[in-house]
Structures are given as C-alpha cells and as structure tokens.
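Enquirer: To start, I am sharing the structure in question, which I have written as structure tokens.
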Amino acid sequence: MLGPWTGTILIWTIGGCLIWASVVDFIRFEIPNFATLGLTCAALYWVATDARVPWQDHVLAAVFWPIAFELIRRVFLWRSGFDGLGFGDVKLMAPIALCCGLIGSAQVVLIAAMAALGFVLISSLWRGRAAIHVALPFGPFLCFAAWVVWISTL
C-alpha cells in the first residue's frame, strides 16, 4: 500500500496530468505527448507498487482500449471522410486504462460519452440551433470520467 506522501503525490500527479491534457485539448484540439507520458509513468508506478491492484487486468486494459479506439477512429474516418476522434484520444486511453482496468475503462468511456452528449445537447438548446458538425474535443470528457472512476476505486 502506498504511504501518505507517495499516495498524495501520485494523486496530484495524475490529477495534474489529466487537467493539463484537458485544458490543452479544449484550447488546441490536441493532447500534449508529455501529459500522456507523465500520466503513463504515474499509472505504471501505481500499478507496480500497490499490491491491491490486479496488474494483469490493468495491463490488458492498457493494450485493449487504445486498439479499440484506433479501430473506431479509422472506421469513422473511412465512413465519413473526416476525423471524428483524434489520435491523442487513442494515446490517452492507454494510461487511463492502466489506471482504471478493463471494467473501469468501460465506465470511463460510457461516462465520457454521456457527458459529451449532454454538453452538446445543452449547447444546442442554449444556442437555439442544432449542433451538427460542431468540433468538440473528447479528451476533457475522458479525463473527467477517468478521474471520477479512478478516485472512486482507491
């Protein structure tokens, strides 16, 4: 089990990287590689040092979810002719899945999708027009959902 200082530093590091990725993605529609790298290092440290974490499940999730997101990204691009999901979101899913495991990552994706849909609906009602073909960064929703799911499992 992590000590109080190590655990506090880890929580702040993961939270800080999630906030950094969210803010930059919201402004520039890109997720900084160093935010993803910092998040990956912190998640690896947590999985490796906390004996309560079933590391096989978390490592399997870190392999499965980025592949699934990449397949979704490519199929959407092929069908629509434009990007609907960026590669930064694909890369971001590796450390998120490493933190949350297989089931937790499914919850992250569900919460993020519902939050993004809610944002679009509220935005459409606020503007008084449909939000069709409006670009929306998905990273902030993934980061928010990852934080909620990860913190709730600690």
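The values are calculated or read from the model by the stated rules, or taken from the named source; none is laboratory data. Bear in mind the structure is a predicted one, so any value in this text is a computation, not a measurement. Neighbour counts run over all protein chains shown; Cβ positions are idealised from the backbone, glycine included. Heavy atoms of the whole protein, side chains included, go into the accessibility calculation; ligands, DNA and RNA do not. Shrake-Rupley method; radii C 1.70, N 1.55, O 1.52, S 1.80 Å.
Enquirer: Taking the condition at pLDDT below 95, more than 23 Å from Ile11 (Cα to Cα) and of a type in the set (A, V, I, L, M), does Leu125 pass?
Expert: On the way: at pLDDT below 95: yes; more than 23 Å from Ile11 (Cα to Cα): yes; of a type in the set (A, V, I, L, M): yes.
When the stated conditions are applied, Leu125 passes them.
Enquirer: Next up: Please find, within the stretch 7-24, the residue that is surrounded by the most Cβ atoms within 10 Å (Cβ to Cβ) out of those that are hydroxyl-bearing (Ser, Thr, Tyr) and touching a helix residue (DSSP H, G or I) at 6+ places or on another chain (Cβ under 8 Å).
Expert: At the first step, the residues of the stretch 7-24 found to be hydroxyl-bearing (Ser, Thr, Tyr) are 8, 13, 22.
In the following step, the residues that additionally are touching a helix residue (DSSP H, G or I) at 6+ places or on another chain (Cβ under 8 Å) were identified as 13, 22.
Numbers: Thr13: 17, Ser22: 21.
The residue in question is Ser22.
Enquirer: Among all residue pairs at least 6 apart or on different chains, which show Cβ distances below 8 Å where the first residue, located in the stretch 57-82, is closer than 19 Å to Ala113 by Cα and open to solvent by 80 Å² or more (accessible area, probe 1.4 Å) and the second is among the small types (Gly, Ala, Ser) and at pLDDT below 95?
Expert: Correct list of pairs: Phe76/Gly84.
Enquirer: Take the stretch 90-110 and flag every residue that is buried (at least 24 other Cβ atoms within 10 Å of the Cβ) and over 12 Å from Val149 (Cβ atoms).
Expert: Once the filter is applied, which keeps residues that are buried (at least 24 other Cβ atoms within 10 Å of the Cβ) and over 12 Å from Val149 (Cβ atoms), the stretch 90-110 yields Leu92, Met93, Pro95, Leu98.
Enquirer: Got at least one residue in the stretch 128-137 being in a helix (DSSP H, G or I) and open to solvent by 30 Å² or more (accessible area, probe 1.4 Å)? Step through it out loud before you land on a result.
Expert: Taking the stretch 128-137 and keeping what is in a helix (DSSP H, G or I), we get none.
Checked against the condition, which is being in a helix (DSSP H, G or I) and open to solvent by 30 Å² or more (accessible area, probe 1.4 Å), the stretch 128-137 yields no hits at all.
Enquirer: On to the next question. Can you pull out the residues in the stretch 42-98 that are touching a His at 6+ places or on another chain (Cβ under 9 Å) and under 15 Å from Gly139 (Cβ atoms)?
Expert: Within the stretch 42-98, just Ala97 meets the criteria.
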